[in-house]
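J.: Before I ask anything, here is the structure I am working with.
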Amino acid sequence: MNKKRILIPITVMVLIFSGCATLKEKMPLDVDQTAQAFFDDLQRSDNQGAYGLFAKGLSQRVSFDQFDEFMQTIRGQWGRIETDDTALLPFHRRIGEQDFIPLGVPPEKIKRYVFDVKFENAEMNFDLTLAPEGDSYKIVWLSIWGSSIYMTPQVQEKIEQLFSKPDDTVQSDKT
């Protein structure tokens, strides 16, 4: 009889804690969690998970295949991510990102994080700009900057492919 009295409360506590953990996993990420989750996913080589944090406009502009190729190139050139440190900066527009900021979002709702990312063979800075989308924050802009030593032609080419505007001109054959 004593065993039942102990077993029932323990079972109830386990169910409550597992239910809380499940609910926490399904709750939307706040802005800080979203920014950190991006690099956590990249550190685990979960490019799909990191890409899933992109806002609608950015994901329409950059396909998963482009992003995946870009991350593979970075890993090939710089190695795996070892650490990332972050600082929240006040929002100020950067060249190119205006096309990705959702209309009607006030500047105080837009957050920018700068991550100092240490790879096995490089140290670069990543800017993430996040804005509210639905009930969570999503990445609306991503930029990479740092020493030109690490910006090899392969990395520069992938960055240009990732963020260049698609060519709207149609070439015709002239005979």
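The values are calculated or read from the model by the stated rules, or taken from the named source; none is laboratory data. Note that the structure is a prediction, hence the values are computed from the model and not measured. Here the Cβ is made from the backbone with ideal geometry for all residues, glycine too, and neighbour counts use every protein chain on show. Accessible surface is based on the protein model in full, side chains and every heavy atom, while ligands, DNA and RNA are left aside. Shrake-Rupley method; radii C 1.70, N 1.55, O 1.52, S 1.80 Å.
J.: Counting only residues that are open to solvent by 60 Å² or more (accessible area, probe 1.4 Å) and outside any helix (DSSP H, G or I), how many does the stretch 47-76 have?
T.: 0
J.: So, one more: Criterion first (assigned to a strand (DSSP E or B) and either over 12 Å from the mean Cα position of the chain (by Cα) or of a type in the set (Lys, Arg) (or both)) does ASP127 satisfy it?
T.: no
J.: If only one of LYS109, LYS118, LYS174 is of a type in the set (Lys, Arg) and modelled with pLDDT under 70, which one is it?
T.: Numbers: LYS109 fails: modelled with pLDDT under 70; LYS118 fails: modelled with pLDDT under 70.
Checking each option against the conditions leaves just LYS174.
J.: To continue, here is another question. If you go through the stretch 130-166, how many residues are closer than 19 Å to GLN60 by Cβ, of a type in the set (S, T, N, Q) and either part of a loop (DSSP other than H, G, I, E, B) or out of contact with any Leu (no Cβ under 9 Å at 6 or more places or on another chain) (or both)?
T.: 2
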